[in-house]
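These notes are about the structure you will find just below.
The values are calculated or read from the model by the stated rules, or taken from the named source; none is laboratory data. Model, not experiment: these values are computed from the prediction. Every residue, glycine as well, gets a Cβ built from its backbone with ideal geometry; the counts of neighbours run over all protein chains shown. Ligands, DNA and RNA are excluded from the accessible area calculation, which covers all protein heavy atoms including side chains. Shrake-Rupley method; radii C 1.70, N 1.55, O 1.52, S 1.80 Å.
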Amino acid sequence: MFDSLIRKILSSKVYDVALETSVDQAHFLSQKLNKTILFKREDQQPIHSFKCRGAYNKIINLPEFERQKGIIAASAGNHAQGVALAAQRLNVSAVIVMPTTTPDIKVRSVRS
């Protein structure tokens, strides 16, 4: 069962947009806790977050007729960027609604 789950993860289509990021030791925290503490570096993703995985996975697994209708999402941050990236890569029309209080850097990232 575990092997089939690992195979499913490794063959997931999210790797069309997600990078295989490094795992780095948190030296100070490891020393303080006397345990090896590791960080999965999702900040190395194209949008600096793991959110591209979920957005891409959801959109790629929609039936084609639904995907062609386009998608709409509401988010002020990383999920919006993940949806925008997925829509761009899959050539899907997307409307992303963001609050007026969203920082300009996030809005620019989603638009690009």
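Angle check, please: helix 78-90 long axis (alpha carbons) against the longest principal axis of the chain (alpha carbons), in degrees 0 to 90, nearest 10.
Result, in degrees: 60.
Tell me, what % of the accessible area of the chain is carbon and sulfur with a 1.4 angstrom probe? Don't jump to the answer; show the numbers that get you there.
Details: 4520 of 7990 Å².
For the chain, the apolar C and S fraction of the accessible surface comes to 57 percent.
Hey, what's the chain come to in accessible area per residue, 1.4 Å probe, Å²?
Spelled out: the 1.4 Å probe surface of the chain, per residue, equals 71 Å².
Straight-line reach from Lys32: which aspartates and glutamates have a Cα under 20 Å away, not including same-chain ones fewer than 8 places off?
The qualifying aspartates and glutamates are Asp24.
Using only the Cα atoms of region 1-69, build the gyration tensor, take square roots of its eigenvalues as a ≥ b ≥ c, and label the shape rounded, prolate or oblate: rounded if a/c is under 1.5, else prolate if a/b is larger than b/c, else oblate.
prolate
What lysines sit close enough to Lys8 to cross-link, taking a C-alpha to C-alpha distance under 26 Å and skipping anything fewer than 8 places away on the same chain?
Of all the lysines, those that pass the test against Lys8 - Cα under 26 Å, at least 8 places apart if same chain - are Lys40, Lys51, Lys58.
Helix 51-60 versus the longest principal axis of the chain: what is the Cα-based angle in degrees, 0 to 90, to the nearest 10?
With both axes taken from Cα atoms, the answer is about 50 degrees.
Can you give the FRET efficiency for Ile6 and Arg41, using 1/(1 + (r/R0)^6), R0 = 22 Å, r = Cβ-Cβ distance, to the nearest 0.05? Don't jump to the answer; show the numbers that get you there.
On the way: r = 20 Å, r/R0 = 0.92.
After rounding, the FRET efficiency stands at 0.65.
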